[in-house]
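Heads up, the thing below is written out as structure tokens.
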Amino acid sequence: MRIGELSKATGASIRSLRYYEQKGLLTASRQVGSGYREYHALAVEQVNTIKLYLSLGLSTEQIAGFLHCVMKSKEAFCAEIMPVYEQKLAEIEEQLALLGAIRSNLIERIASIREEQKEGVKHVAHGIEPN
């Protein structure tokens with residue numbers, strides 16, 4: 001199967017497929033004469049698996065560490081995958097905590113500004129110039 005056919009079968013762009021190949025996640029042979037990439041029939045499953053792991057927020061380097069195992073056996077039997085999942089979850093928890101703190105700070109600032117605006121309107125209504 002050529003790269004265009006693989007792209008259509010998986011929904012991955014040709015550029016993405018070349019990138020996966022560059023990162024060692026996908027392999028292709030070259031046709032003699034034309035030099036076109038030729039992918040094995042299992043490449044569709046492999047690309048879909050890569051896309052799944054990318055959607056989980058994993059990097060291509062992380063995926064490369066366990067992809068071969070996952071393609072040979074079930075995810076549950078690949079010892080390399082659990083530490084990657086746990087690390088990614090810890091990173092997400094840290095990001096969520098940081099976003100929660102930022103959210104709280106923004107809520108406080110908005111409330112403070114609105115209160116100042118109300119006070120300014122009250123002062124103007126009573127003929128008092130705001131500071």
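The values are calculated or read from the model by the stated rules, or taken from the named source; none is laboratory data. Remember, it's a predicted structure, so these values are computed and weren't measured experimentally. Backbone-built Cβ (ideal geometry, glycine too); neighbour counts: all protein chains shown.
Remarks
- Residues being of a type in the set (A, V, I, L, M, F, W, C) and more than 19 Å from residue 89 (Cβ to Cβ) - total across the stretch 27-74: 12
- Residue 28, sole failed condition from (1) touching a residue at least 40 places away in the same chain (Cβ under 8 Å); (2) crowded, with 17+ Cβ neighbours inside 10 Å: (1)
- Here residue 69 clears all of (1) within 30 Å of residue 14 (Cα to Cα); (2) assigned to a helix (DSSP H, G or I); (3) at pLDDT 95 or above except the condition numbered (3).
Conditions tested, residue by residue: (1) farther than 26 Å from residue 1 by Cα; (2) surrounded by 12 or more Cβ atoms within 10 Å (Cβ to Cβ).
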residue: 33; (1), (2): no, no
residue: 38; (1), (2): no, yes
residue: 42; (1), (2): no, no
residue: 52; (1), (2): no, yes
residue: 68; (1), (2): no, yes
residue: 80; (1), (2): yes, yes
residue: 110; (1), (2): yes, no
residue: 115; (1), (2): yes, no
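- Among residues of the stretch 3-22 that are more than 15 Å from residue 52 (Cβ to Cβ), those with a beta-carbon under 7 Å from a residue that is outside any helix (DSSP H, G or I) and polar (S, T, N, Q) at least six positions away or on a different chain give the pairs 7/13; 21/27.
- None of 115, 94 is outside the structural domain of residue 9 (by TED's automatic domain parsing), in a helix (DSSP H, G or I) and modelled with pLDDT under 95 except 115.
- Residues in the stretch 54-66 that are closer than 18 Å to residue 6 by Cβ and of a type outside the set (A, V, I, L, M): 60 only.
- Check on residue 6, touching a Phe, Trp or Tyr at 6+ places or on another chain (Cβ under 8 Å) and assigned to a helix (DSSP H, G or I): yes
- Taking (1) within 16 Å of the chain's Cα centre (by Cα); (2) surrounded by 10 or more Cβ atoms within 10 Å (Cβ to Cβ); (3) assigned by TED's automatic domain parsing to the domain that holds residue 3 in turn, residue 89 satisfies each apart from (3).
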